[in-house]
Amino acid sequence: MATSCRFAASLRRASLNARAPTRPRRFQPAAVHVRWTGSTSATSEPHQPDDKETVKGAPAPAKAITFTSDTYPDIQREPGFSKLTQEHVEHFRELLGTESAVVDGVSKDASEDIEPFNSDWMRKYRGHAKLVLKPQSTEEVSQILKFCNDNKLAVVPQGGNTGLVGGSVPVFDEIVINLQKMDKIRSFDEVSGILVADAGVILEVADNFLAEKNHIFPLDLGAKGSCQIGGNVATNAGGLRLLRYGSLHGNVLGIEAVLPDGTILDDLSTLRKNNTGYDLKQLFIGGEGTIGIITGISILTPQRSPAINVAYFGLASYEKTQQAFREAKGQLSEILSAFELMDGNSQHIVNKVTGKKMPLEGDHPFYCLIETSGSNTDHDSEKLQAFLEHVMENDIVEDGVLAQDQTQIQELWSFREGISECLGHWGGVYKYDLSLPIAQMYDLVNDVRDRLTKAKLIGDDDSYPALDVIGYGHMGDANLHLNIPVRRYDKKVEKELEPYVYEWVQSRKGSISAEHGLGIAKKAYIGYSKSDSMIKLMKQIKGLYDPNGIMNPYKYM
């Protein structure tokens, strides 16, 4: 870590001189604690209610998860889809060659082997699939889809299955096409920084490969050890690096995809400029596998920054966090890589669940984490020092710590990345992933908390279903994660939340899905973010690419 002790000392002097010593404020090296892994195991997410309608205890076994078709009884199996037969299975077995490429639950009981593909990691969605296919090449995907389209067999494309909206698991008996065997790095140009890789490459594997080349993947997620880059592109995942590097719509230069009729769309361009007609790849970025399966991507990867700094602040109000963000944009500009917002309640929960000491003494209504990344340690430290002195002297920030090495950087990040996992400690969480005007982001948290409190649904003992209403997220992207940790799922809570949350977002011209996608969870609510004419056009595009409707049915729109 590039930050010096002299730097920390100068900030302490600046903070003490800035106001009367009624409550000394300081920037100091962060204390070293055990690293919070931020893993994405299902133990941290909502479990299925037990016979007492609680969600405490161990994660539910896959077979205990409620079928999605039961959770959404209004969704009926499309009668035009064919039923799988033994002849179909034999065709796929002959096509793919190896026994491991076909998980057959049609001719035998393979439920134990199929269940991981039938249910999501949150233990919230579960399908009835009887067949899982694992192609190893784009040509095999092409032949699979052509056969399925000709025989009207519905399919679900699946990557690492780490989504949050049920988009990667079947609803009924769709065939799961899992891309885990398509895991090759195809090429990397060290001059341009352009990576070409199979869709099934694990995000962390891609980032580690790039680290050896002194580059970085422009996306970072808590699920990076499991999620696949093809699925990231198909869902237009956002993550922690969007503020600095932008969205996948800008970073992905080309894709290779297979259409439902087996046509291979070869658009693996490695050009940053290509102004020759419709940019068709954009339809697949965020298309959630509804018009085709992405089998390869080319993506622009930036140079890895050698100088990383992380600071963690306590602030008195949401207005102060906005001031801090404005100052960070103005003074840190080109080296600002993350600006994360956490309310005080979220940090207290991380502290309570993990037993880790809070990074700051005292209590603050809001906390922010700032990361800078650049190429010149001295230059970056000088800019950050000037910024921190400014926000302290002008009473924008009440207190703060500055990481002194990589261990402390990870430790400070753990208080942001660990929130999602810790919220599941009591059992369940209602999660909303929203885009809103920055000035109004936290107003929604306050309004929802007031609404649930008035309805007597929030409290400190087990008679209340909800514990609190939590707000955190990517302030630099105007992306709020509104979370309601609960002791048990309760229809009264759901009635207070929906459609209230979506109507609130719509009235502020926000988005009901900032980075998690639509899947099945938000399909019915797309009208809160898209106009009727836009939805009509989307359906026309779906009908053009997938006239038989076999691609990831019952979801998206």
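So, in Å, what gap is there between the alpha-carbon centers of the range 97-163 and the range 195-217?
25 Å
Give K431/K456; K124/K356; K108/K523; K431/K522; K320/K352; K181/K522 a once-over and call out the pairs whose C-alpha atoms are over 22 Å from each other.
Pairs exceeding 22 Å: K124/K356; K108/K523; K320/K352; K181/K522.
Sorted by average packing, counted as other Cβ atoms within 10 angstrom per residue and highest first, what order do 193-206, 326-339 take?
193-206, 326-339
To two decimal places, what compactness ratio does the range 412-514 give when its Cα radius of gyration is scaled by 2.2 N^0.38 Å?
Taking N as the residue count of the range 412-514, the ratio is 1.05.
What dipole magnitude, in Debye to the nearest 20, does the range 65-178 give about its Cα centre under +1 on Lys/Arg Cβ and -1 on Asp/Glu Cβ?
Rounded to the nearest 20 debye, it is 260 debye.
What whole number of Å gives the distance from the Cα centroid of the range 354-416 to the Cα centroid of the range 451-506?
29 Å
Given the Cα atoms of the range 65-178, and with Rh set as the inverse mean 1/r over their pairs in the Kirkwood sense, what is Rg to Rh to two decimals?
Checking Rg against Rh, the ratio lands at 0.94.
Taking just the alpha carbons, could you work out the radius of gyration and Dmax for the range 305-440, both in angstroms?
When restricted to Cα atoms, the range 305-440 yields Rg and Dmax of 15.1, 46 Å.
Calculate one ³J(HN,Hα) per residue across the range 395-401 by plugging θ = phi - 60° into the Karplus curve 6.51 cos²θ - 1.76 cosθ + 1.60, and present them in order as whole Hz with x for glycine and proline.
Listing the rounded values in order: 6, 7, 10, 7, 7, x, 10 Hz.
For a protection proxy built on the mean count of beta-carbon atoms within 10 angstrom, sort 114-124, 284-294, 267-277 highest first, please.
The densest-packed peptide leads the list: 284-294, 114-124, 267-277.
On a full-extension model of 0.36 nm per residue, what is the gain between E94 and D447, subtracting their alpha-carbon distance, rounded to one decimal in nm?
That works out to 121.3 nm of additional length.
Considering amide H positions built from the backbone, and no H for Pro or chain starts, which residues 5 or more places from T295, or on another chain, come under 5 Å of its amide H?
E256, A257, V258
Working out 0.36 nm times the residue gap between D378 and S137, then minus their Cα-Cα distance, what length gain in nm do you get to one decimal?
In short, 82.0 nm is gained.
Under 5 Å between amide hydrogens, which residues at least 5 positions from R241 or on another chain qualify, with H placed 1.01 Å from N in the peptide plane?
For R241, the qualifying residues are D220.
Would you pull out the residues with amide H under 5 Å of V429's amide H, same chain only if 5 or more places away, H placed 1.01 Å from N?
Under 5 Å from the amide H of V429 lie the amide H atoms of V486, each far enough along the sequence or on another chain.
Using θ = phi - 60° and the Karplus curve 6.51 cos²θ - 1.76 cosθ + 1.60, what whole-Hz ³J(HN,Hα) does each residue of the range 447-453 get, with Gly and Pro shown as x?
5, 5, 4, 4, 5, 6, 5
Expressed as a whole percent, how much of the Cα-Cα distance distribution for the chain exceeds 30 Å?
53 percent
When the chain is fully extended, how far beyond the present Cα-Cα distance does E503 get from Q331, taking 0.36 nm per residue of separation?
58.3 nm
Testing the spin-label approximation: label points 7 Å from Cα along Cα→Cβ at D150 and V106. State their distance in nm.
About 1.5 nm, to one decimal.
Residue by residue, what Karplus-based ³J(HN,Hα) values in Hz, rounded to whole numbers, does the range 424-440 have, using 6.51, -1.76 and 1.60 with θ = phi - 60° and x for Gly and Pro?
Once θ is set to phi - 60°, the couplings for the range 424-440 become x, 4, 8, x, x, 9, 8, 10, 10, 10, 10, 10, 8, x, 4, 4, 10 Hz.
Label 7 Å along Cα→Cβ of Q540; the range 265-305 residues with amide nitrogen under 13 Å?
none
Provide the packing ranking of 531-544, 208-221, i.e. peptides ordered by the mean count of other C-beta atoms within 10 Å per residue, highest first.
My ranking of the peptides, most packed first, is 208-221, 531-544.
Counting Lys +1, Arg +1, Asp -1, Glu -1, what net charge surrounds L210 among other residues with beta carbon under 14 Å of its beta carbon?
Neighbourhood net charge equals -1.
Short version: what are the Cα gyration tensor semi-axes of the range 185-300, square root of 5 times each eigenvalue, largest first, in whole Å?
Computed over the range 185-300, the values are 21, 16, 14 Å.
With charges set only on the Cβ (+1 for Lys and Arg, -1 for Asp and Glu), what does the dipole of the chain come to about its Cα centre, in debye to the nearest 20?
Taking the Cα centre of the chain as origin, the dipole is about 980 debye.
As a test of the formula, what do you get for the chain when each DSSP H run with n ≥ 4 contributes -39,500 (n - 2.57) and the sum is divided by the residue count, at 222 nm and rounded to the nearest 500 deg cm²/dmol?
Computed mean residue ellipticity for the chain: -9500 deg cm²/dmol.
Cross-link partners among aspartates and glutamates for K383, C-alpha distance below 14 Å, same-chain residues fewer than 8 apart left out?
Counting by Cα, and skipping residues close in sequence, K383 has these aspartates and glutamates nearby: E327, E334, E371.
Taking a threshold of 22 Å on the Cα-Cα distance, which of the pairs K224/K357; K454/K509; K491/K539; K454/K491; K213/K273 fall above it?
Correct reply: K224/K357; K454/K509; K491/K539; K213/K273.
Readers should treat all values here as calculations from the given coordinates under stated rules, not as data from a laboratory. Just so it is clear, the model here is predicted, and its values are computed rather than measured. Every residue, glycine among them, receives a Cβ derived from its backbone with ideal geometry; neighbour counts consider all protein chains shown.
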